[in-house]
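Worksheet: the structure to be examined is printed underneath.
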């Protein structure tokens with residue numbers, strides 16, 4: 001009897017130990033799949049410190065903070081080559097990369113929302129036809145050159161991919177130009193006003209082009225194709241359906257935006273300068289971004305940008321909302337976005353032909369904007385020197401070109417190896433534009449470009 005009891009006890013112990021061993025083995029395997037929430041904290045701390053320090057360093061030497069953030073990410077990315085497993089796991093394990101990717105995508109949405117809030121549609125009314133012409137040439141010429149270079153080197157895998165490479169070059173960021181014009185005392189001249197107004201229109205057109213291309217991308221290779229439920233003979237009309245879908249999105253987005261403005265006007269009057277206003281604005285931004293991507297197949301950044309435009313401009317609380325959005329974005333999410341780009345730079349796939357493509361692509365970016373905008377200004381009867389100033393002022397690129405590139409990579413149309421060349425475009429234009437503008441104003445003659453706009457007849 002005693003013997004039977006001992007045997008039973010031993011069996012129970014054996015089964016318990018076996019079960020515990022299986023459980024612990026299973027948990028050990030799961031360590032590579034799931035991570036403790038606190039494990040992301042240290043990488044985030046390192047990213048914030050480095051992006052802040054190098055961002056401030058960039059601003060000290062007259063460059064955008066974005067460049068410093070990208071360099072910070074590049075330096076962190078070099079850690080992957082150090083043979084230290086704990087250090088590599090800290091930044092480059094799959095769970096960490098997934099977490100950073102989520103934060104990065106939110107950062108992109110917030111950047112575009114802030115850009116939309118800062119878009120002054122009133123300025124477009126007073127800018128005149130010249131700004132429209134400058135924008136048109138400033139979009140068409142660099143896009144054509146970028147597409148041609150991608151086609152010549154067979155980058156993008158097809159016509160849609162070639163177009164995406166061209167679309168990346170349409171983006172303009174005049175923050176550096178504005179700073180340079182302010183320093184020179186030329187911001188309120190005809191030239192300064194034309195550049196700023198053209199940049200606003202440029203952003204709008206660039207977003208529309210990106211929306212169209214993204215729509216075709218998602219329907220061409222996505223899991224939920226727009227035409228999947230239609231007869232085969234309808235498939236040839238897919239591009240028409242994509243265009244209709246994009247048009248419908250903008251109609252609904254603008255219509256909803258008008259109602260949203262009325263709602264926010266009431267909220268402003270009832271709760272002036274209250275934190276609930278920016279909170280509700282951020283909620284509207286995220287809803288717009290979600291609906292754009294999920295329902296209409298339009299890029300989420302397009303939804304965020306449209307939300308920013310609809311809530312910007314005439315609302316009294318716009319500066320307050322913009323300040324809070326910038327605070328949230330540039331304090332937390334945006335540094336992660338720029339740092340992850342630097343961290344993911346990969347030079348291993350470079351070949352001599354790709355380096356040649358990259359060099360031609362950089363030249364197309366510089367020449368396309370400068371030449372296209374200068375030619376347009378000349379056609380609008382600007383002087384030769386003023387036309388050159390417009391071209392120089394419009395050629396600067398920054399965060400929007402990075403966002404467009406990332407969208408192309410996500411769609412499988414753009415090679416991630418192009419990032420270093422995009423990086424070069426940002427640095428080159430940010431350095432060259434202020435220097436060249438100062439040179440053109442060095443021997444100032446008393447022309448129209450020097451006269452404050454309020455004094456011009």
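Computed from the coordinates by the stated procedures, all read-outs in this text should not be read as laboratory data. Remember, predicted model here, so these are calculated numbers, not experimental data. Note that we place each Cβ from the backbone using ideal geometry, even for glycine, and neighbour counts take in every protein chain shown.
Structure notes:
- Projecting label points 7 angstrom from Cα along Cα→Cβ for residue 352 and residue 38 puts them 5.5 nm apart.
- FRET efficiency, 1/(1 + (r/R0)^6) with R0 41 Å, evaluated for residue 45 and residue 144 via beta carbons: 0.35
- Förster radius 60 Å - calculated FRET efficiency between residue 345 and residue 269 (Cβ-Cβ, nearest 0.05): 0.75
- Ordering 104, 131 by the number of other Cβ atoms within 10 Å of each residue's own Cβ, fewest first, gives 104, 131.
- Subtracting the Cα-Cα distance of residue 431 and residue 383 from 0.36 nm times their residue separation leaves 14.8 nm of extension gain.
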